[in-house]
Amino acid sequence: MELITTYICKKSDIGVHDNMFGGTIMSLIDDSAASYAAQICDTERMVTIKIDELIFKSPVKIGSLLKIYGKVEKFGTTSIKLYIEVRKHNVHTGKQEAVTQTYITFVRIDSDGKAIPIHQYVKDRYYERYEKYGKGLLSLDEKHNNDWFVEEEWFILPQTS
């Protein structure tokens with residue numbers, strides 16, 4: 001799995017029982033998973049259509065460092081299903097403790113909000129990178145240090161309807 005984002009729990013995130021609001025964690029999952037899906041699929045036009053069950057296994061306190069990890073579970077014709085884990089990270093020991101995990105599904109849409117296909121090259125590229133590097137997103141340095149990198153990868157393909 002890839003580290004998608006890191007978040008520190010602030011006082012404004014805390015509810016009446018001195019724990020982070022579950023809704024805030026749900027929002028973090030949706031935001032981080034949406035940006036991950038958009039990067040994988042080369043488009044900002046991704047909408048959430050489903051979030052599976054969330055079971056909160058461990059409370060989050062002020063100052064806790066949360067790390068959100070994800071990976072592509074599968075691609076559909078117009079959709080991408082991600083597996084997301086939220087973990088508390090102890091900065092002193094490096095140990096992590098599961099807070100929650102879920103599956104979340106996004107659909108690629110056009111400017112009218114209608115579902116459109118995710119390009120096959122996006123799917124192939126993700127699986128090739130995951131097999132070779134254990135992750136679907138590469139840094140610019142990683143992209144430029146590979147023989148298979150071509151500048152055309154950065155061009156936006158025409159939208160299909």
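When residues in region 1-33 are screened for being within 16 Å of LEU82 (Cβ to Cβ) and surrounded by fewer than 18 Cβ atoms within 10 Å (Cβ to Cβ), 8 of them pass.
Quick check on region 13-51: of everything there that is in a loop (DSSP other than H, G, I, E, B) and among the hydrophobic types (A, V, I, L, M, F, W, C), which residue is modelled with the highest pLDDT? My answer is PHE21.
Quick check, is THR100 assigned to a strand (DSSP E or B) and touching a residue at least 60 places away in the same chain (Cβ under 8 Å)? So that I can check it myself, show each step before the final result.
Numbers: assigned to a strand (DSSP E or B): yes; touching a residue at least 60 places away in the same chain (Cβ under 8 Å): yes.
Yes, satisfied.
The values are calculated or read from the model by the stated rules, or taken from the named source; none is laboratory data. For clarity, every value in this text was computed on a predicted model and none was experimentally measured. Cβ sites come from the backbone with ideal geometry, for glycine too, and all protein chains shown count toward neighbours.
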